[in-house]
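As structure tokens, the structure follows; a few thoughts come after it.
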Amino acid sequence: MPLKEGNIITPVGDWLQKEFFHRKLVSPFGLTLLVLLALGSAFLVAKDLFLVPLVASALILGIITVFICLFKPYYGIYVVSVFSIFVFYPNHLIGRDVLPLSPVLEILILFVFLGSYLNRTGVPGSSRVLIKTLISIAIITNTSSVLIQAFNPNVKGLEVWMPTIRRWLVYIMVYVMAYRLIDTMDKFRFFAKFWIIAAFVIALYGCYQQWFGYLPMEMNYIMSVPGSYELLFQGGQLRKFSFLSDVVSFGVLAGSMATFTLIVAIYQKNRNRMTLMILMAIIMLLGMAYSGTRTTTIILPAGIMLYGFLTIKSKTTVITLFCLTTIGLFLFFAPIYSSPTLNRMRTTFDSKDESMNLRERNRHYIQPYLHAHPIGGGIGTTGLLGAHFYPEHPLADFPTDSGLLRIGLESGWIGLMIWIFFNLSIL
């Protein structure tokens with residue numbers, strides 16, 4: 001039987017909760033506080049201390065945010081979600097990577113995680129049920145694999161391992177707190193709607209970047225990172241990353257959410273809602289294409305095919321598969337060669353594309369190393385990261401160009417098998 005939400009907040013926390021969230025500062029205390037803040041800010045501005053009110057406002061906002069995450073963890077999930085969308089954008093607008101906001105996001109996730117236990121919501125024994133699921137077993141197995149990498153004899157030092165294990169622990173906290181807080185179908189539906197809208201907004205801004213160009217500040221940001229412009233300029237145009245950190249994150253998010261939105265849309269009974277969701281999915285697909293991430297080109301057909309196998313007896317599924325297949329064949333084989341975006345998408349399946357062939361040659365070249373090192377060369381030893389931290393390592397500066405190849409080289413074929421098991425358990 002579900003437990004009622006327990007409240008172990010201190011009396012001061014109870015009072016603050018009532019003043020800020022129930023009364024919304026429409027009380028003697030609230031009005032007094034607002035008047036004092038206004039007078040104090042005006043006085044400081046008059047004394048040319050412009051920075052102090054800004055710092056004070058940021059401090060107050062931070063306190064309120066932490067309070068929500070700790071004592072209203074369900075709402076904290078959405079605070080963290082919104083923050084994660086825009087966490088990299090301030091640096092884009094500044095033009096340089098100067099604000100270390102990623103650790104702030106991790107701290108907020110920690111507060112929500114703690115809040116999910118402080119407020120004690122959910123079903124008794126739910127944690128024991130969670131630990132027995134296949135996904136949890138896969139997470140524990142992969143965590144063990146990452147921990148073992150700390151003792152990998154092929155790499156000296158833990159400069160890259162420490163951030164990796166910290167990031168993985170953050171993923172685990174997100175998994176646990178989502179299980180504890182999104183515990184009803186209504187909450188799940190709202191969460192799904194939130195991310196459909198969020199993905200649409202992210203994709204729409206990516207389309208804006210494509211149609212009207214990057215903002216001058218964003219171009220300054222791109223030019224401030226060595227090699228970034230060369231990486232983004234492909235096929236005669238710049239790849240787009242929207243609000244996010246990089247083009248791959250943007251492409252994967254847009255592609256996966258477009259697939260999810262299309263599947264949800266075709267079962268909508270309301271025609272207007274179905275039309276709206278299909279239009280949102282189209283914007284997401286455009287964002288995916290503008291990211292220039294060829295891996296994401298496979299996401300839509302793979303996702304629809306998997307969905308089709310599971311619901312092949314449905315008439316709606318057959319019609320959807322036919323329509324999407326027809327559109328896909330037209331896009332990839334129609335004699336349209338003036339679009340750099342479309343041309344790059346086509347290279348995903350082009351066996352004559354030089355960059356794809358180069359990746360294939362690199363993969364064959366490095367396979368003997370993969371076979372000979374069951375636990376890999378160590379986390380962070382490949383690519384530019386390896387060249388920076390471990391320049392003498394055999395894998396240093398090797399371009400993996402693939403997440404699976406990178407995991408195989410750094411964690412070995414054992415780690416690769418564990419990672420594949422983890423992803424299959426999610427499916």
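The values are calculated or read from the model by the stated rules, or taken from the named source; none is laboratory data. Please read these numbers as outputs of a predicted model, since none were measured by experiment. Reconstructed Cβ throughout: ideal geometry from the backbone, glycine too, with neighbour counts over all protein chains shown.
Structural remarks
- Conditions (1) surrounded by 15 or more Cβ atoms within 10 Å (Cβ to Cβ); (2) assigned to a helix (DSSP H, G or I); (3) not acidic (Asp, Glu); number of the one not met by Ser242: (2)
- Residue within region 149-171 that is surrounded by 17 or more Cβ atoms within 10 Å (Cβ to Cβ), farther than 30 Å from Tyr390 by Cβ and touching a helix residue (DSSP H, G or I) at 6+ places or on another chain (Cβ under 9 Å) present: no
- Counting only residues that are surrounded by fewer than 16 Cβ atoms within 10 Å (Cβ to Cβ), in a helix (DSSP H, G or I) and not hydroxyl-bearing (Ser, Thr, Tyr), region 262-281 holds 7 of them.
- Condition check for Glu159: in a helix (DSSP H, G or I), of a type in the set (Asp, Glu) and outside the structural domain of Val225 (by TED's automatic domain parsing): no
- Residues of region 218-227 that turn out to be modelled with pLDDT of 85 or more and exposed (fewer than 14 other Cβ atoms within 10 Å of the Cβ), as a count: 1
- Residue within region 355-369 that is out of contact with any Ser or Thr (no Cβ under 9 Å at 6 or more places or on another chain) and crowded, with 17+ Cβ neighbours inside 10 Å present: no
- Region 342-356, residues that are of a type in the set (Ser, Thr, Tyr) and either part of a loop (DSSP other than H, G, I, E, B) or modelled with pLDDT of 80 or more (or both): Ser351
- Condition check for Leu424: modelled with pLDDT of 80 or more, outside any loop (DSSP other than H, G, I, E, B) and closer than 23 Å to Thr296 by Cβ: yes
- Every pair of residues 6+ apart whose Cβ atoms lie under 7 Å, when the first sits in region 185-197 and is hydrophobic (A, V, I, L, M, F, W, C) while the second is surrounded by 14 or more Cβ atoms within 10 Å (Cβ to Cβ) and not in a helix (DSSP H, G or I): Phe188/Ile182; Phe191/Ile182
- Candidates Tyr390, Tyr337, Tyr369, filtered to the one that is farther than 14 Å from Lys156 by Cα and not assigned by TED's automatic domain parsing to the domain that holds Leu285: Tyr369
- The sole residue among Phe322, Phe309, Phe330 that is within 28 Å of the chain's Cα centre (by Cα), in the same structural domain as Leu262 (by TED's automatic domain parsing), free of Cβ contacts under 8 Å to residues at least 12 places away in the same chain and not in a loop (DSSP other than H, G, I, E, B) is Phe309.
- Single residue of Tyr337, Tyr290 found to be among the aromatic types (Phe, Trp, Tyr), part of a helix (DSSP H, G or I), touching a helix residue (DSSP H, G or I) at 6+ places or on another chain (Cβ under 8 Å) and within 25 Å of Gly236 (Cβ to Cβ): Tyr290
- Of all residues in region 88-105, those being in contact (Cβ under 8 Å) with a residue 60 or more places away in the chain and either within 18 Å of Val247 (Cα to Cα) or under 17 Å from the mean Cα position of the chain (by Cα) (or both) number 8.
- Odd one out for Asp401, checked against (1) assigned to a loop (DSSP other than H, G, I, E, B); (2) surrounded by 18 or more Cβ atoms within 10 Å (Cβ to Cβ); (3) within 23 Å of the chain's Cα centre (by Cα): (2)
- In region 213-234, the residues that are assigned by TED's automatic domain parsing to the domain that holds Thr293 and assigned to a loop (DSSP other than H, G, I, E, B) form no Cβ pair under 6 Å with any partner that is of a type in the set (Phe, Trp, Tyr) and surrounded by 14 or more Cβ atoms within 10 Å (Cβ to Cβ), whether six or more places apart or across chains.
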